[in-house]
Amino acid sequence: MAALKEKYDIVIVGAGVAGLNCALNLPRDKSVLIICKKNPRQSDSYLAQGGICMLRGDYDYDEYFDDTMRAGHYENNPAAVECMIKGSREVIADLEECGVDFRKNSDGTYAFTREGGHSSPRILFHEDCTGKEITSKLMKKVSKLSNVQIEPYNVMLDIITDGEKCEGVVVYDIKEKATKAVYADYTVLATGGVGGAFGNTTNFGVVSGDAVAIALRHGVQVDNVNYIQIHPTVLYSKKRGRKFLISESVRGEGAVLLDKNFKRFTDELQPRDVVKNAVLAQMEKDGTEFVWLDMRPVPKEELASHFPQIVKRCAEEGYDVFTQPVPVVPAIHYFMGGIHIDLNGATTLPRLYAAGETACNGVHGKNRLASNSLLESLLFAKRAAQDIAKNYSPLDKSGYVKPAKEVGGYKHILNGLKKDLRRAVETAEAGGDPNLLFKGDKK
Ligand SMILES: Cc1cc2nc3c(=O)[nH]c(=O)nc-3n(C[C@H](O)[C@H](O)[C@H](O)COP(=O)(O)OP(=O)(O)OC[C@H]3O[C@@H](n4cnc5c(N)ncnc54)[C@H](O)[C@@H]3O)c2cc1C
């Protein structure tokens, strides 16, 4: 690990699929710094189970578009949806070039699985650990780039801005226990979702909406901050810590939801929010803390080969999925809102970009269609990189401003960000505008 320099051409905050794919698509003659909070494997990208959507052919365009819009309650930005679907084949081709291994049929064609809200199978997968397969291959490729420096255990505490443009980030180096200003011509925020700010979540604790809170504090536009998706099926457990997701694609392959009398109570392949509501209503009606997910309708061979991690984890918790149902409950999972971006990843603050789950161009509307997230993160991160390359101009160094001083330790600052984020969500839930929360209070 090298020391942080004072200035890079581009700083990327976050080492999930969005941050990594952005770096891969930036010009090789630009110096790039990627920072992440802890071990790079602690990103939600590593956790993705079900898979990644791809447009199978022109014949599927209308249905894929409609499925995405219907799941999003038609609040989606149609231009973003079109861009994502049309760009999907290129994203998959890029991943293949990185060595990502998607399951294939015996004739060499792709095998597709299905999840809730999809009218037909169009999801590519690698067992039940598609995210790990994609992210580790991207990381391998990025690690070989001589223009990219990856620095884990470095936490963004703030952006540096004079209110007119972004000039870099304030970073806390956990190992050196030091706060530093890192200047950059362009800054890309790719810090993932918000689950870690709330608990009862499938997300890593490090993914806690820091960039969104920072954006709000600086008057950078944030959209739909209360659009938080709750996944209907995580493994019920009294243990503390991150909740273990049981992918929707298990239901796509035939698993069913059962009430306390082991009777089906809903169509398991409706969009996620509809199934979540049905699960919560059933728990209320039955007076139970969970419902059952029965994977026995999935052929044994498919269950074992497609979902080995789920089978293993359930066994560790004492459930043999081949012979008995497992208890499941809903948990916070995904953030549809985020820092407002255009289709090229630009935020409302010049020289500041955002990509992945932390950003919002409206592609998911009010509720994300399953397996559109990896695709969206990869595609719009690439577009952000291309836009930076196309419009590149160095920052006028005379414009540098001093970063805010650290007060009370970095954990205190991060807790402050979480508090601000939760306040913004509450304000939006109550019908207020979170973008006005810090007006007059800008740093
Ligand atoms: C259990 C689970 C299963 C999923 N399954 C699927 C699926 O099958 N298909 C699908 O399409 N999507 C799935 N998703 C969603 C998808 O994985 C994510 O939306 C996507 O990976 C987000 O990528 P990202 O790069 O934006 O963020 P992440 O991968 O979450 O990366 C965030 C990065 O930001 C860093 N970071 C955060 N804050 C700071 C800070 N202050 N300073 C420095 N670094 C910071 C973190 O350390 C991390 O490196 C799943 C999500 C989960 C949790």
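FYI, it's all coordinate maths here, none of it is from the lab. These numbers come from a predicted model, not from an experiment. Positions of Cβ are backbone-derived with ideal geometry, glycine not excepted, and every protein chain shown enters the neighbour counts.
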Worksheet item: Modelled label-to-label distance, S305 and E317, 7 Å Cα→beta-carbon offset: nm?
Response: 2.6
Worksheet item: Can you list residues whose amide H is under 5 Å from K7's amide H, if they're 5+ apart or on another chain and H is modeled 1.01 Å from N?
Response: Y183
Discussion item. From Cα pairs below 8 angstrom and at least 6 apart in sequence, can you work out the relative contact order of the chain, rounded to a whole percent?
Written reply: 24
Worksheet entry | Cα→Cβ-extended label distance, 7 Å offset, between S120 and M69, nm | 1.8
Practice prompt. Would you list, by chain and number, the lysines whose Cα falls below 22 Å from the Cα of K439, excluding same-chain residues fewer than 8 positions away?
Written response: K165, K402, K405, K418, K419
Fill in: Protection proxy ranking, peptides 70-80, 342-352, 292-302, average beta carbon neighbours within 10 Å, highest first
342-352, 70-80, 292-302
Practice prompt. Give, as ranges by residue number, the residues of segment 187-212 whose backbone N falls under 19 Å from the point 7 Å along Cα→Cβ of N39.
Written response: 196, 202-208
Worksheet item: Using alpha carbon centroids, what distance separates segment 212-285 and segment 81-111, in Å?
Response: 27
Practice prompt. Take Y64, Y59 and order them by how many other Cβ atoms sit within 10 Å, fewest up front.
Written response: Y59, Y64
Practice prompt. Work out the charge dipole of the chain with +1 on the Cβ of Lys and Arg and -1 on the Cβ of Asp and Glu about the Cα centre, then indicate which of F198, P327, G254 is farthest towards its positive end.
Written response: F198
Fill in: Ellipticity estimate at 222 nm from DSSP helix runs (n ≥ 4, -39,500 (n - 2.57)) divided over the chain, nearest 500
-9500 deg cm²/dmol
Worksheet item: Can you give the extra length, in nm with one decimal, that the chain gains between A79 and E284 once fully stretched, where that is 0.36 nm per residue apart less the Cα-Cα distance?
Response: 69.8 nm
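Which peptide among 10-17, 262-269, 165-172, 217-224 comes first, and what is the full order, when sorted by highest mean count of other Cβ atoms within 10 Å?
With the highest mean Cβ count within 10 Å placed first, the list reads 10-17, 165-172, 217-224, 262-269.
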Worksheet item: How would you classify segment 1-67 from its alpha-carbon gyration tensor, with a ≥ b ≥ c the square roots of the eigenvalues: rounded for a/c under 1.5, else prolate if a/b is greater than b/c, otherwise oblate?
Response: oblate
Response to the item:
By the Cα gyration tensor axes a ≥ b ≥ c (a/c under 1.5 gives rounded; else a/b larger than b/c gives prolate, otherwise oblate), the shape of segment 52-177 is oblate
Worksheet item: D60 to R296: extension gain in nm, 0.36 nm per residue of separation minus the Cα-Cα distance?
Response: 81.9 nm
Response to the item:
The simple spin-label model distance between N105 and K260, using points 7 Å out along Cα→Cβ, in nm, is 4.5
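Only Lys, Arg, Asp and Glu count, each charged at its Cβ (+1, +1, -1, -1), so figure out the dipole size of the chain about its Cα centre, rounded to 20 debye.
About 1480 debye.
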Item to complete: Report, by chain and number, residues whose modeled amide H sits under 5 Å from the one on D158, excluding near sequence neighbours (fewer than 5 apart, same chain).
Response: V170
Practice prompt. Compute the signed sum of charges (Lys and Arg +1, Asp and Glu -1) over the other residues within less than 9 Å, Cβ to Cβ, of P308.
Written response: -1
Discussion item. Explain nothing, just the number: relative contact order of segment 230-333, from Cα pairs under 8 Å at least 6 residues apart, as a whole percent.
Written reply: 38
